[in-house]
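Below is one structure, written out as structure tokens; comments come after it.
The values are calculated or read from the model by the stated rules, or taken from the named source; none is laboratory data. Computed from a predicted structure; not experimentally measured. Counting neighbours? That spans all protein chains shown, and the Cβs are built from the backbone with ideal geometry, glycine included. For the accessible areas, the whole protein counts, side chains as well, though only heavy atoms, and no ligand, DNA or RNA atoms are used. Shrake-Rupley method; radii C 1.70, N 1.55, O 1.52, S 1.80 Å.
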Amino acid sequence: FNASQLYLKHPEMFTRVALACPAITTVGPFSTNEEIQDYISRTRASYRYVYAAIGVTRYTFPDEASWRYADPLTLASERVTSSYPPVFVSIGDSDQYGFFEGAKRFVELVNSKGAQAQYVEVKGGHCSFDGEALARFLIPTASL
């Protein structure tokens with residue numbers, strides 16, 4: 001999540017950005033219970049994990065304006081241009097938070113804005129990512 005904030009708010013600081021299991025979600029602290037339940041059903045995420053994350057975001061972002069300023073999907077939609085540096089996103093396909101859905105959407109948004117985003121999904125839960133693909137992205141001349 002923190003790397004996405006830097007990428008989206010200060011792209012000039014980077015030549016490449018990697019998001020390994022990013023906490024990007026399609027529901028937020030002001031989503032309705034129905035939206036959250038739909039998300040849990042759709043992503044097969046853990047009820048406990050999702051509501052814990054919602055609780056943290058509600059505490060951290062006390063109003064919709066503060067969340068909107070930090071929501072990676074909103075920021076990607078509003079800020080990304082073709083001049084943004086390439087971004088690599090890798091995540092587990094069964095992340096208990098359901099973050100893979102937001103990660104996919106993030107990559108779609110970045111690519112739709114003309115920037116380069118690569119999505120690599122791996123088998124596994126939270127904090128799973130493809131380390132070899134990440135290394136190839138960060139050091140394109142590396143042979144692994």
Worksheet entry | Sole residue being closer than 25 Å to residue 127 by Cα, open to solvent by 60 Å² or more (accessible area, probe 1.4 Å), among the β-branched types (Val, Ile, Thr) and assigned to a helix (DSSP H, G or I), chosen from 56, 50 | 56
Worksheet item: Does the stretch 27-53 hold any residues that are among the charged types (D, E, K, R) and more than 12 Å from residue 95 (Cβ to Cβ), and which are they?
Response: 34, 35, 38, 42, 48
Worksheet item: Counting residues that are crowded, with 20+ Cβ neighbours inside 10 Å and in contact with a helix residue (DSSP H, G or I) (Cβ under 7 Å, 6 or more places away or on another chain), which helices (runs of 4 or more DSSP H) fully inside the stretch 68-144 reach at least 3?
Response: 99-112
Worksheet item: Within the stretch 7-42, restricting attention to residues that are of a type in the set (S, T, N, Q) and within 25 Å of residue 137 (Cβ to Cβ), which residue is least open to solvent (accessible area, probe 1.4 Å)?
Response: 25
Worksheet item: What about residue 108, is it under 17 Å from residue 24 (Cβ atoms), under 14 Å from the mean Cα position of the chain (by Cα) and without any contact (Cβ under 8 Å) to a residue 40 or more places away in the chain?
Response: yes
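Quick one: in the stretch 102-144, of everything that is at positive phi and out of contact with any strand residue (DSSP E or B) (no Cβ under 6 Å at 6 or more places or on another chain), which residue is modelled with the highest pLDDT? Let's see the steps before the verdict.
To start, the set of residues in the stretch 102-144 that are at positive phi comprises 114, 124, 127.
Filter once more, keeping what is out of contact with any strand residue (DSSP E or B) (no Cβ under 6 Å at 6 or more places or on another chain): 114, 127.
On the way: 114: 98, 127: 91.
Among them, the one singled out is 114.
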